[in-house]
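Accompanying notes for the structure given below.
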Amino acid sequence: MSKEAGQRQLRRLPAVDEVLKDGRIAGLLAVHPRGMVVEAIRASLAEERRLILIGASSNKDLEEQCYLDLIINKTLTVVGKSAGLKLRPVINATGVILHTNLGRALLSDRAKQAVNRIASSYSNLELNLDSGRRGSRYAPLESALTSLTGAEAALVVNNNAAAVLLVLSTLAQGREVVVSRGQLVEIGGSFRIPEVMAQSGARLVEVGATNKTYPDDYRRAINDNTALLLHVHTSNYRIIGFTRETTISELVDLGREFSLPVMSDLGSGSLIDLSRFGLPREPSVQEIIAAGADVVTFSGDKLLGGPQAGIVAGRKNYIDQMKKHPLLRAIRVDKMTVAALEATVQEYRDEQGAVQKLPVLQMLTAPISFLEEKAADLAGRIRMVGAKAEVAVEQGVSTVGGGAYPTAELPAVVVAVAPAMISAGDLQAALRQGDPAVMSRVQGGRLLLDVRTVRDQEIPELAAAVGKVIK
Ligand SMILES: *Cc1c(COP(=O)(O)O)cnc(C)c1O
């Protein structure tokens with residue numbers, strides 16, 4: 001394409017006003033804000049301008065009418081993508097159940113209904129209906145969480161990072177917190193134990209070596225200015241080989257000896273033992289409480305399978321202090337979180353029910369035979385839509401993600417797609433940019449669709465999305 005031809009093409013692009021006047025756009029203007037439609041037209045024009053400049057415009061006729069049609073179609077697509085909202089559903093075919101970039105846990109039906117009911121209705125969020133007086137938004141969750149975990153008291157905040165910040169600010173501001181060198185974790189970029197510690201005004205005292213920390217290491221660090229002994233679950237890595245971690249029970253003994261509280265930041269904090277489903281044995285929140293930890297923190301949207309939240313469970317005298325801390329107001333949960341979390345926690349009244357009804361636990365415990373059926377269904381549908389590709393069902397591995405079970409590899413069943421005309425990488429990118437957007441993996445020149453995290457109702461859509469790119 002010569003430079004002149006490119007310039008000619010650019011001149012034939014319609015003006016924004018011209019597009020707006022078209023009857024097809026009038027339909028959009030009837031249901032969407034004008035500013036949003038104008039923005040979509042501008043984006044479509046900018047995209048086409050870019051394609052012309054690199055000689056990749058699909059309009060080879062250089063007709064003005066063709067350009068008008070092209071821009072209108074692009075605009076309709078842009079606005080049509082979930083009504084123009086930037087936050088939209090994604091099909092997760094990565095097999096990573098707790099994918100932080102994809103929003104972590106999916107809510108159960110019960111939790112979804114609870115959010116729905118409370119979101120668009122007034123509620124007794126901070127009202128005691130018996131007395132007519134002001135109530136606490138934390139109360140309903142507190143009773144559910146204490147009966148479940150065995151803790152004396154509980155508090156819920158915006159996320160687990162905020163929970164850790166609140167505990168440290170309340171119990172250790174201006175004083176020392178003793179932590180093992182092997183537990184100074186970073187979780188996803190901005191949450192690092194040393195930095196949260198600095199933010200809280202507590203002073204970090206590191207003890208032991210990266211691979212070994214003994215109770216005596218803590219003992220030697222304790223002085224008059226020590227406020228807290230902290231144990232952090234190494235959620236996203238494992239130190240293996242020549243290692244020694246001081247256990248919670250050993251820390252609790254030390255805490256009793258020196259009258260110091262012991263905190264355990266569990267991160268993913270599971271409420272049930274999942275080892276009978278072949279997952280590694282991890283201590284549950286109940287076990288840590290029973291072992292005598294004074295304060296335990298964990299996330300609502302990791303293994304618990306609920307909304308984003310941070311849960312603090314532990315002794316009443318410490319939780320009471322946290323309830324009075326000015327920071328609490330800045331990190332408090334909103335009504336939709338309270339609704340979803342209360343409903344999620346209710347599922348745990350029956351352990352079998354929780355495994356069946358919470359999507360995170362369903363996915364985590366799905367039997368291979370079930371995954372094989374789902375994969376066969378998906379593969380069949382991809383072949384049926386006429387995708388130009390080799391399609392095979394194979395065994396693979398996936399991880400849990402979200403800082404849970406760092407060393408566990410789950411057996412996976414994947415649909416492997418080797419496209420005939422384009423590369424697997426191009427297919428992956430096209431699926432990501434499609435509507436619905438699909439996230440997948442590429443390995444050895446093939447696209448892998450891991451069905452563990454794909455919901456049943458998404459299978460037809462997913463097959464159609466693949467067919468659309470490589471038919
Ligand atoms: C995930 C995690 C956090 C942060 O929790 P968020 O809910 O993501 O804020 C803190 N500590 C540990 C050990 C974690 O695994």
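The values are calculated or read from the model by the stated rules, or taken from the named source; none is laboratory data. Only a predicted model underlies this, so the values are computations on that prediction, with no experimental measurement involved. Cβ sites come from the backbone with ideal geometry, for glycine too, and all protein chains shown count toward neighbours. Please note that ligands, DNA and RNA were not included when accessible areas were found on the heavy atoms of the full protein model with its side chains. Shrake-Rupley method; radii C 1.70, N 1.55, O 1.52, S 1.80 Å.
Placing +1 at every Lys and Arg Cβ and -1 at every Asp and Glu Cβ, with all other atoms neutral, what dipole size does region 208-297 have around its Cα centre, in debye to the nearest 20? Show your work: numbers first, answer last.
Values: 8 positive and 12 negative charges, 61 e Å.
The dipole magnitude comes to about 300 debye.
Helix-only arithmetic for the chain: the sum of -39500 (n - 2.57) across DSSP H runs with n ≥ 4, divided by the residue total, places the mean residue ellipticity at 222 nm at -13000 deg cm²/dmol.
Axis angle, to the nearest 10 degrees, between helix 368-384 and the longest C-alpha principal axis of the chain: 10 degrees.
Per-residue extension of 0.36 nm, minus the Cα-Cα distance of S143 and E18, leaves a gain of 38.9 nm for this segment. Measuring from centroid to centroid over Cα atoms, what is the spacing of region 89-107 and region 135-207 in Å? Centre-to-centre distance over Cα atoms comes out at 25 Å. At 7 Å along Cα-to-Cβ for each site, give me the label-to-label distance between E287 and N128 in nm. The two pseudo-label positions are separated by 3.9 nm.
Of the peptides 394-400, 461-467, 265-271, 38-44, the ranking by mean beta-carbon count within 10 Å, highest at the top, reads 265-271, 461-467, 38-44, 394-400.
Please list 101-112, 293-304 highest first by mean number of surrounding beta-carbon atoms within 10 Å per residue.
On the way: 101-112: 18.8, 293-304: 27.4.
Result, highest mean Cβ count within 10 Å first: 293-304, 101-112.
Give me the log10 of I(q) over I(0) for region 109-357 at q = 0.15 Å⁻¹, as the Debye formula computes it from C-alpha points; what are the numbers? Taken in order of the listed q values, log10 I(q)/I(0) reads -1.05.
All C-alpha to C-alpha distances of region 1-157, sorted into 10 Å bins beginning at zero, yield P(r) values of 9, 22, 20, 17, 14, 11, 7, 2, 0 percent in whole numbers.
For the pair I240 and L51, a Förster radius of 30 Å applied to the C-beta separation gives a FRET efficiency near 0.05, rounded to the nearest 0.05.
Using the Karplus relation 6.51 cos²θ - 1.76 cosθ + 1.60 with θ = phi - 60°, the per-residue 3J(HN,Hα) values for region 104-120 come to 6, 5, 8, 7, 6, 4, 4, 5, 4, 5, 4, 5, 4, 5, 7, 4, 10 Hz, with x marking Gly and Pro.
Under unit Cβ charges (Lys, Arg +1; Asp, Glu -1), what dipole magnitude, rounded to 20 debye, does the chain have relative to its Cα centre?
Numbers: 55 positive and 51 negative charges, 224 e Å.
Result for the chain is approximately 1080 debye, rounded to the nearest 20.
For region 242-247, putting each phi into the Karplus relation 6.51 cos²θ - 1.76 cosθ + 1.60 with θ = phi - 60° gives couplings of 7, 9, 8, 9, 6, 7 Hz, in residue order, rounded to whole numbers and with x for Gly and Pro.
Per-atom-type breakdown for region 3-83 gives carbon and sulfur 54% of the accessible area (1.4 Å probe, protein chains only). Compared with the alpha-carbon gap, the fully stretched path from D320 to R383 is longer by 16.7 nm at 0.36 nm per residue.
Once the Cα gyration tensor of the chain is found, what semi-axes does its equivalent ellipsoid get, as square roots of 5 times the eigenvalues, in whole Å, sorted largest first? Please list the in-between numbers first.
Values: eigenvalues 477, 147, 106 Å².
Output for the chain: semi-axes of 49, 27, 23 Å.
Heavy atoms of the protein chains alone define the surface here; on that basis the chain has 48 Å² accessible area per residue at 1.4 Å probe size.
Given K86/K357; K74/K468; K21/K86; K388/K468; K302/K357; K112/K374, which pairs have Cα atoms separated by over 20 Å?
Working: K86/K357 29 Å; K74/K468 16 Å; K21/K86 25 Å; K388/K468 10 Å; K302/K357 15 Å; K112/K374 24 Å.
Violating the 20 Å limit, Cα to Cα: K86/K357; K21/K86; K112/K374.
Relative to the compact-globule estimate of 2.2 N^0.38 Å, the Cα radius of gyration of region 1-60 comes out at 1.28.
Just the number, please: carbon plus sulfur as a percent of the accessible area of region 290-370, 1.4 Å probe, no ligands or DNA/RNA counted. Provide the component values of the computation, followed by the final result.
On the way: 1560 of 3080 Å².
Using a 1.4 Å probe with all protein chains present, region 290-370 comes out at 51 percent carbon and sulfur.
In degrees from 0 to 90, rounded to the nearest 10, what is the angle of the helix 335-347 Cα long axis to the longest principal axis of the chain? Approximately 70 degrees, to the nearest ten. When the charge dipole of the chain is built from unit charges on Cβ atoms (+1 for Lys and Arg, -1 for Asp and Glu) and taken about the Cα centre, the candidate among I272, L341, T75 whose Cα reaches farthest toward its positive end is T75.
If the chain between V90 and S120 were fully stretched, how many nm would it gain, using 0.36 nm times the residue separation less the Cα-Cα distance?
Numbers: separation 30, 0.36 × 30 = 10.80 nm, distance 2.46 nm.
8.3 nm is the gain from fully extending V90 to S120.
Work out the FRET efficiency for A418 and D224 from their Cβ-Cβ distance, taking R0 = 51 Å, and round it to the nearest 0.05.
Details: r = 67 Å, r/R0 = 1.31.
It comes to 0.15.
Computed from Cα positions, the angle between helix 64-80 and the longest principal axis of the chain comes to roughly 20 degrees. In this simple spin-label model, placing a label point 7 Å from the Cα along the Cα-to-Cβ direction at both D273 and E63 gives a separation of 7.3 nm.
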